[in-house]
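As structure tokens, the structure follows; a few thoughts come after it.
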Amino acid sequence: MKRTTLKLGAALVAGLSLAGAAIAETKVGMITTLSGGGAGLGIDVRDGFMLAIKQSGRNDIEVVIEDDQRKPDVAVQLADKMVQSEKVDVMTGIIWSNLAMAVIPSVTAQGKFYLSPNAGPSALAGKGCHQNYFNVAWQNDNLHEAAGAYANSAGYGKTFILAPNYPAGQDALTGYKRFFKGELAGEIYTQLGQTDYAAEIAQIRASGADSVFFFLPGGMGIAFLKQYADSGVDLPVVGPAFSFDQGILQAVGDAALGVVNTSQWNKDLDNATNAAFVESFQAEFGRLPSLYASQGFDTANLLISALEKADVSDADAFRAALKAAEFASTRGDFKFGNNHHPIQTIYAREVVKEGDVYTNKLIGPALENHADAYAADCKM
């Protein structure tokens, strides 16, 4: 397990009459995926988060970063250490919903705040919501619901759908089916981490489908798209951003061109915060930011906006400051619903090639000011 401690600014106040007095410090524990499959997602969340902290100029935020290796048992061990030994005030960073389900309920039950920059399982959005849990990205179903809405507008009537068999995959297919008005040509849950999709592609070929929807994040999506392109099956593909985001497209290449995918963010969203973020991220890291980087950036700026209004030791005031969400988001308008999940516009994007770089361009809104389906079950 890799551990990195990033502390911004001095630890002591200098030049004051109370020489040596410590600055009131907020300690953040970040558990994310930095090795193995899906490492690119965690790296982008980390880099976006730390860029926002750096740009804030604050000298009172310490971030302790650990690699969960995409293993729930490792994530639980790290979370226990951060809460009990590191004495963190706030936790963040988890990419995968099965890890989120293993960690977040325990963290919030111990009085800590959790700000999710990615995973948003349905179990934590409805009856399992918690006053100290805030999701800054989306509820898992949302981007898939938007894909279903787009498929309707594109005239698709018989879609074959597939996703990995874990909480986010289950939420994905539930979300797509909630909004898609046509019929299903087939529905498959694949194995998490699967890389051979020959059998699934054969089923798609024989299904009579007029389109394909899939949610296969990280390396799973790369493997599927390459095999799908080589198979000769020529059905239009719709999916969420997770399989068509900036860090993935370069590995997929031409197989992704023209695919429509859904996201609450894109690099060409027209607002000043986003333009500055894209430019500064490229300058800092030498690559275009991804969806995950934008979510890490927004999560840090939410934290900073709350710290400007309240100390984390005053839980009620800090919670109210988080709920207010008075920060400039890369996606433009941002607000939380009653269950502390975003109400936001989700867009359709198309994969294009700009010079030698594969990227996405906005098509337009797929769902506007969209809230998740579980908020009514949250009793906050």
Among residues belonging to the range 122-148 that are within 24 Å of Gln84 (Cβ to Cβ) and not aliphatic (A, V, I, L, M), point out the one that is nearest to the chain's Cα centre (by Cα). Phe134
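Please count how many residues of the range 347-361 are open to solvent by 50 Å² or more (accessible area, probe 1.4 Å) and touching a residue at least 12 places away in the same chain (Cβ under 8 Å). Reasoning before the result, please.
Start the filter on the range 347-361 by keeping residues that are open to solvent by 50 Å² or more (accessible area, probe 1.4 Å), which leaves 350, 353-357, 361.
If we keep only those that are touching a residue at least 12 places away in the same chain (Cβ under 8 Å) as well, we get 350, 353, 357, 361.
The total comes to 4.
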Residue count for the range 115-139, restricted to those that are open to solvent by less than 30 Å² (accessible area, probe 1.4 Å) and either touching a strand residue (DSSP E or B) at 6+ places or on another chain (Cβ under 9 Å) or assigned by the TED database to the domain that holds Leu367 (or both): 16
Quick check on my filter: what residues within the range 320-333 are touching a Leu at 6+ places or on another chain (Cβ under 9 Å) and assigned to a helix (DSSP H, G or I)? Ala321, Leu322
Suppose we keep only residues that are in contact with a Gly (Cβ under 9 Å, 6 or more places away or on another chain) and either of a type in the set (Phe, Trp, Tyr) or assigned to a loop (DSSP other than H, G, I, E, B) (or both) within the range 179-202. Which one would you say is farthest from Leu367 (Cα to Cα)? Thr195
For the subset of the range 207-257 comprising residues that are among the hydroxyl-bearing types (Ser, Thr, Tyr) and touching a Gly at 6+ places or on another chain (Cβ under 9 Å), which member is most open to solvent (accessible area, probe 1.4 Å)? Ser207
List, please: which pairs have Cβ atoms under 8 Å, are six or more places apart or on different chains, and start with a residue in the range 63-82 that is within 15 Å of Leu115 (Cα to Cα) and in contact (Cβ under 8 Å) with a residue 60 or more places away in the chain and end with one that is among the hydroxyl-bearing types (Ser, Thr, Tyr) and open to solvent by 20 Å² or more (accessible area, probe 1.4 Å)? Val64/Thr4; Val64/Thr5; Ile65/Thr4; Ile65/Thr5
Residue under evaluation Ala168, criteria (1) outside any strand (DSSP E or B); (2) open to solvent by 20 Å² or more (accessible area, probe 1.4 Å), criterion not met: (2)
State which residue is surrounded by the fewest Cβ atoms within 10 Å (Cβ to Cβ) when the search covers only the range 171-193 and only residues that are modelled with pLDDT under 95 and out of contact with any strand residue (DSSP E or B) (no Cβ under 6 Å at 6 or more places or on another chain). Gly193
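Condition check: touching a strand residue (DSSP E or B) at 6+ places or on another chain (Cβ under 9 Å), among the basic types (Lys, Arg) and modelled with pLDDT of 95 or more. Does Lys309 satisfy that?
No; evaluated as a whole, the condition is false for this residue.
Of the residues Ala223, Ala199, Ala251, only one is more than 23 Å from Val136 (Cβ to Cβ), free of Cβ contacts under 8 Å to residues at least 24 places away in the same chain and assigned by the TED database to the domain that holds Ala146; which? Let's see the steps before the verdict.
Working: Ala223 fails: free of Cβ contacts under 8 Å to residues at least 24 places away in the same chain; Ala251 fails: free of Cβ contacts under 8 Å to residues at least 24 places away in the same chain.
So the residue among Ala223, Ala199, Ala251 that is more than 23 Å from Val136 (Cβ to Cβ), free of Cβ contacts under 8 Å to residues at least 24 places away in the same chain and assigned by the TED database to the domain that holds Ala146 is Ala199.
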Suppose the filter is open to solvent by less than 40 Å² (accessible area, probe 1.4 Å), of a type in the set (S, T, N, Q), more than 19 Å from the chain's Cα centre (by Cα) and closer than 28 Å to Gly111 by Cβ; does Ser280 pass it? no
The conditions are (1) modelled with pLDDT of 95 or more; (2) under 15 Å from Gln246 (Cα atoms), and Ala300 fails exactly one of them. Which is it? (2)
Sole exception among (1) farther than 29 Å from Ala255 by Cβ; (2) open to solvent by 60 Å² or more (accessible area, probe 1.4 Å) for Gly286, by number: (1)
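Looking for something under 21 Å from Leu192 (Cβ atoms) and assigned to a strand (DSSP E or B) - is there at least one such residue anywhere in the range 97-116? Walk me through it before giving the result.
Initial filter on the range 97-116 (under 21 Å from Leu192 (Cβ atoms)): 97-105, 116.
Remaining after also requiring assigned to a strand (DSSP E or B): 116.
Yes.
The values are calculated or read from the model by the stated rules, or taken from the named source; none is laboratory data. Predicted model, so just to flag it, every value in this text is computed and none were measured. Methodologically, a virtual Cβ is constructed for each residue, glycine included, from the backbone with ideal geometry; neighbour enumeration extends over all protein chains shown. All accessible areas refer to the heavy atoms of the entire protein, side chains included, with ligands and DNA or RNA removed. Shrake-Rupley method; radii C 1.70, N 1.55, O 1.52, S 1.80 Å.
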